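Peer 1: Handing you a structure now.
The values are calculated or read from the model by the stated rules, or taken from the named source; none is laboratory data. Here the structure is a predicted model, which is why all the values come from computation and not from measurement. Because the Cβ atoms are built from the backbone with ideal geometry, glycine has one as well, and the counts that use them run over all protein chains shown.
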Amino acid sequence: MNKIKFRIIEGEKSEINKTQLLKRIYYKINENYISEDKLEELISSISYVKNMLIDERDFNKYNFNIPGFKDIYREYEMIKRENNLLDYDDMLTLTYEILRKSQGLLNKYRNKYKYIQVDEAQDTSKVQHEIVRLLAYPENNLFLVGDEDQSIYSFRGAYPEAILNFEREYKGSKIFLMEQNFRSTKNITMTSNEFIRGNKERYNKNMYTEKEEEIPVTIKFLMNEEEEVKYIIDEIYENKKLKDTAILYRNNLSAIPLVDALSKNGIPFYLRDFKQSFFTHWVVQDITAFINVALNREDIHSFERIYYKMNSYISKKAMEHIKRHYKGQSVFDLLRRCPDLNPYIIKRINSIEECFRILPYKKPKDAIDFLQNQLSYKEYLDNNCEKMGYSIENINLIIASLKIIANNTTSITGFLNRFEELQKLMDDAKFNKDKDAVTLSTIHSAKGLEFENVFMIDLIEGQFPAAGSISDEDENYEKYIEEERRLFYVGMTRAKKQLNLLAVNTKNQERVVCSRFVGEVFSIVNPVDKEEELSSLNSYGFSIGTSVIHKRFGQGIIIDINQETVEINFNIYGIKKLLMRACIEENLLYKI
């Protein structure tokens, strides 16, 4: 075999950097710069293709929400091929191809490795399982350890089907179920076990523990983020076991208001795997640029960032005029001196300048609302997200986080200062590992860890399950929901003694829907006899005015009810008339 020298392009120190290469390719294909979160999505999508052994011809079967993804992928592969470059995923696919095509080499490694053991098998990908299958044949001396209920990395190509199909793939094999939980108390073990039974694609395990039950699983419905944070702070003060406490969430953005509150209350915290990209996100930089211009109308650099994002009718040519003639004066004065401006545009410039004049006198949270609405930034965000394929839900979460910080400051200058303080606090939090500090973590990052006291927060639709482009009519919808349920289950099973599930009614001043998974857990910890409930609805609390959760439609209030039907005004979906028997027999409706 001829020797070929490859270069690895992973890591910042590599001579040719993978992220920089993909940024260049994206710009070439789309004539636009890629944002950091979109770059992360692009890298993840390419990794998924390779780990799942997806052929280019089948790309249209998958929802890769990246503009020009197929062309980007082809260009990326061509550049690597022509320059003998490899990323980490190539090391897997290349190994698989070599072993498939070189029988002599395959036999060599089969003879070398007579027995194969695979740990964390639920997290291994399709290509990894195919490599193992090639090496294990024909003796099949293979031992896998894994838990399909904890497979939560499908976006990386995790392939739990390999565990579920093990007996079919390896004839004569045996499955051993390890059903004793050595971590959690009975309340947590039994509740989480019953919850994960909502998934169909799994082994029928009956988890048990010898640890006696102590504290019941707690479910709290709170008005808003401020109440949620206050509840957590009060519980931490009462518990006082900082190192044994974790606050878990789906999205890293949930950490922002927590850090703000914990630091103000003098509670030390350790932040796992938080990406500082929040502080450099283009939306965050846009909003700080708006505020900078409001504080200093001579800030040409901030103005250049936002002039086309506020429906100003200011052209690129006009911006170039400002830059040519700029000598430290107001950008608005320079704008009005631009040649060939019609009266309407001058009037619009004056109106925008007045908005910037007013902005510093507003409360910080109101200032963000003001620039979104009066300066048309919200309209720009909606249009740009649709055009570029960005998640508007994620953008709204970023703005909601900024508003929470803003709500705890008294001036926009104070807001900017607090913003810088938080950046430093979050950067320094990594030094609190193994100290007496509360752990803040995404559930993905907390997998494998355990804590006596766990808070799971922001348990709303859009977070659990995550807002995505997949609809309930999609053929893969049930598969998607099962992974979301597994992630929720992993969060629950981090708790040893106390589990707190928290949901809010409003977020960013908008009504939100409680997670359907909270409803499922609620029905487990508050069981009701279905026949009795059907025969006596009112005695079980179902009456006009009762607040309820429906698995699909979320929170609402009963406005009419009889033995046959119930009419509910849902927060998001409006008024719906439902069959009462179906709601109860299928565990769709719960009182809160």
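Peer 1: Being closer than 22 Å to ASP382 by Cβ, outside any loop (DSSP other than H, G, I, E, B) and not basic (Lys, Arg), is that true of even one residue in the stretch 333-346?
Peer 2: Initially, the stretch 333-346 is screened for residues closer than 22 Å to ASP382 by Cβ, giving none.
Checked against the condition, which is being closer than 22 Å to ASP382 by Cβ, outside any loop (DSSP other than H, G, I, E, B) and not basic (Lys, Arg), the stretch 333-346 yields no hits at all.
Peer 1: Could you pull out the residue among SER192, SER151 that is in the same structural domain as ALA446 (by the TED database) and surrounded by 21 or more Cβ atoms within 10 Å (Cβ to Cβ)? Please lay out each step first, then the result.
Peer 2: Values: SER151 fails: in the same structural domain as ALA446 (by the TED database).
Answer to the selection: SER192.
Peer 1: Here's something else I'd like to know. From the list PRO138, PRO67, exactly one residue is under 32 Å from the mean Cα position of the chain (by Cα) and not in a helix (DSSP H, G or I). Which is it? Talk me through it step by step, then tell me what you get.
Peer 2: On the way: PRO138 fails: under 32 Å from the mean Cα position of the chain (by Cα).
None of the others qualify; the one that does is PRO67.
Peer 1: Here's another thing I want to ask about it. Can you go through ASP333, ASP340 and tell me which one is loosely packed, with under 12 Cβ neighbours inside 10 Å and acidic (Asp, Glu)? Talk me through it step by step, then tell me what you get.
Peer 2: On the way: ASP333 fails: loosely packed, with under 12 Cβ neighbours inside 10 Å.
Answer to the check: ASP340.
Peer 1: Going by what's in this entry, would PHE278 be described as assigned to a loop (DSSP other than H, G, I, E, B), under 27 Å from the mean Cα position of the chain (by Cα), buried (at least 18 other Cβ atoms within 10 Å of the Cβ) and aromatic (Phe, Trp, Tyr)?
Peer 2: Details: assigned to a loop (DSSP other than H, G, I, E, B): no; under 27 Å from the mean Cα position of the chain (by Cα): yes; buried (at least 18 other Cβ atoms within 10 Å of the Cβ): yes; aromatic (Phe, Trp, Tyr): yes.
The answer is no for PHE278.
Conditions tested, residue by residue: (1) of a type in the set (Lys, Arg); (2) in contact with a Phe, Trp or Tyr (Cβ under 9 Å, 6 or more places away or on another chain).
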{"position": "PRO465", "(1), (2)": "no, yes"}
{"position": "ARG486", "(1), (2)": "yes, no"}
{"position": "ALA495", "(1), (2)": "no, yes"}
{"position": "THR506", "(1), (2)": "no, no"}
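Peer 1: Right, next: Identify, by number, the condition in (1) under 30 Å from ASN311 (Cβ atoms); (2) modelled with pLDDT under 90; (3) among the aliphatic types (A, V, I, L, M) that ILE470 doesn't meet.
Peer 2: Single failed check for ILE470: (1).
Peer 1: Test each condition in (1) within 20 Å of ASN526 (Cα to Cα); (2) in contact (Cβ under 8 Å) with a residue 60 or more places away in the chain for ASN571 and report the one that comes out false.
Peer 2: (1)
Peer 1: Which of (1) more than 24 Å from MET388 (Cα to Cα); (2) buried (at least 19 other Cβ atoms within 10 Å of the Cβ) does ASN296 not meet, given it meets every other one?
Peer 2: Evaluating ASN296 over (1) more than 24 Å from MET388 (Cα to Cα); (2) buried (at least 19 other Cβ atoms within 10 Å of the Cβ) leaves (2) as the failure.
Peer 1: Go through the stretch 227-270 and give me each residue that's part of a helix (DSSP H, G or I) and hydroxyl-bearing (Ser, Thr, Tyr).
Peer 2: Going residue by residue through the stretch 227-270, those that are part of a helix (DSSP H, G or I) are 227-239, 252-264.
Residues satisfying the conditions are TYR231, TYR237, SER254, SER263.
Listed here are the residues, each with its yes/no results for (1) surrounded by fewer than 17 Cβ atoms within 10 Å (Cβ to Cβ); (2) not hydroxyl-bearing (Ser, Thr, Tyr).
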| residue | (1), (2) |
| --- | --- |
| GLU36 | yes, yes |
| ASN60 | yes, yes |
| THR93 | no, no |
| LEU105 | yes, yes |
| VAL118 | no, yes |
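Peer 1: What do you reckon, is SER539 modelled with pLDDT under 80 and either more than 19 Å from CYS583 (Cβ to Cβ) or not aliphatic (A, V, I, L, M) (or both)?
Peer 2: Yes.
Peer 1: Being surrounded by fewer than 14 Cβ atoms within 10 Å (Cβ to Cβ), modelled with pLDDT of 85 or more and either out of contact with any helix residue (DSSP H, G or I) (no Cβ under 7 Å at 6 or more places or on another chain) or of a type outside the set (Val, Ile, Thr) (or both) is true for just one of ILE558, ILE575, ILE544. Which residue is that? First the steps, then the outcome.
Peer 2: On the way: ILE558 fails: surrounded by fewer than 14 Cβ atoms within 10 Å (Cβ to Cβ); ILE544 fails: modelled with pLDDT of 85 or more.
When all the criteria are applied, what remains is ILE575.
Peer 1: Quick one: how many residues across the stretch 95-129 are of a type in the set (D, E, K, R), modelled with pLDDT of 95 or more and either part of a strand (DSSP E or B) or in contact with a Phe, Trp or Tyr (Cβ under 6 Å, 6 or more places away or on another chain) (or both)?
Peer 2: The qualifying residues number 1.
Peer 1: Hey, among ILE306, ILE322, ILE291, ILE287, which residue is over 23 Å from ILE398 (Cβ atoms), in the same structural domain as CYS355 (by the TED database) and among the hydrophobic types (A, V, I, L, M, F, W, C)? Quick ask: steps written out before the conclusion?
Peer 2: Values: ILE306 fails: over 23 Å from ILE398 (Cβ atoms); ILE291 fails: over 23 Å from ILE398 (Cβ atoms); ILE287 fails: over 23 Å from ILE398 (Cβ atoms).
Of ILE306, ILE322, ILE291, ILE287, the one residue that is over 23 Å from ILE398 (Cβ atoms), in the same structural domain as CYS355 (by the TED database) and among the hydrophobic types (A, V, I, L, M, F, W, C) is ILE322.
Peer 1: If you check ASN383 against the conditions, is it surrounded by fewer than 17 Cβ atoms within 10 Å (Cβ to Cβ), in a helix (DSSP H, G or I) and not charged (D, E, K, R)? First the steps, then the outcome.
Peer 2: Numbers: surrounded by fewer than 17 Cβ atoms within 10 Å (Cβ to Cβ): yes; in a helix (DSSP H, G or I): yes; not charged (D, E, K, R): yes.
When the stated conditions are applied, ASN383 passes them.
Peer 1: Let me ask you something else. Out of the residues in the stretch 163-174 that are in a helix (DSSP H, G or I) and in contact (Cβ under 8 Å) with a residue 24 or more places away in the chain, state the one that is surrounded by the most Cβ atoms within 10 Å (Cβ to Cβ). Full working, then the answer.
Peer 2: Residues of the stretch 163-174 that are in a helix (DSSP H, G or I), as a first pass: 163-164, 166-169.
Those still in the list that are in contact (Cβ under 8 Å) with a residue 24 or more places away in the chain too: 163-164, 169.
Values: ILE163: 21, LEU164: 16, GLU169: 15.
Of everything passing the filter in the stretch 163-174, ILE163 is surrounded by the most Cβ atoms within 10 Å (Cβ to Cβ).
Peer 1: Still on this model: Can you pull out every residue in the stretch 175-212 that is part of a loop (DSSP other than H, G, I, E, B) and of a type in the set (Asp, Glu)? Lay out the reasoning, then the answer.
Peer 2: Residues of the stretch 175-212 part of a loop (DSSP other than H, G, I, E, B): 175-179, 181-185, 197-207, 209-212.
Within the stretch 175-212, GLU179, GLU201, GLU210, GLU212 meet the criteria.
Peer 1: Look at the stretch 405-424 and say how many of its residues are farther than 17 Å from TYR361 by Cα and surrounded by 16 or more Cβ atoms within 10 Å (Cβ to Cβ). Write out each step before concluding.
Peer 2: Quick first cut of the stretch 405-424, residues farther than 17 Å from TYR361 by Cα only: 405, 418-424.
With the extra rule that they be surrounded by 16 or more Cβ atoms within 10 Å (Cβ to Cβ), the set shrinks to 405, 418-419, 422.
Going through the stretch 405-424 one residue at a time, the tally reaches 4.
Peer 1: All but one of (1) without any contact (Cβ under 8 Å) to a residue 60 or more places away in the chain; (2) of a type in the set (A, V, I, L, M, F, W, C); (3) closer than 29 Å to ILE34 by Cα hold for ILE358, so report the exception by its number.
Peer 2: The number of the failed condition is (3).
Peer 1: Could you run through the stretch 299-308 and say how many residues are assigned to a loop (DSSP other than H, G, I, E, B) and surrounded by fewer than 18 Cβ atoms within 10 Å (Cβ to Cβ)?
Peer 2: Initially, the stretch 299-308 is screened for residues assigned to a loop (DSSP other than H, G, I, E, B), giving 299, 307-308.
When the remaining residues are screened for being surrounded by fewer than 18 Cβ atoms within 10 Å (Cβ to Cβ), the result is 299, 308.
Within the stretch 299-308, residues that are assigned to a loop (DSSP other than H, G, I, E, B) and surrounded by fewer than 18 Cβ atoms within 10 Å (Cβ to Cβ) number 2.
Peer 1: Might you check whether a residue that is in contact with a Leu (Cβ under 9 Å, 6 or more places away or on another chain), aliphatic (A, V, I, L, M) and surrounded by 12 or more Cβ atoms within 10 Å (Cβ to Cβ) occurs anywhere in the stretch 155-162?
Peer 2: Yes, there is a match, as at least one residue in the stretch 155-162 is in contact with a Leu (Cβ under 9 Å, 6 or more places away or on another chain), aliphatic (A, V, I, L, M) and surrounded by 12 or more Cβ atoms within 10 Å (Cβ to Cβ).
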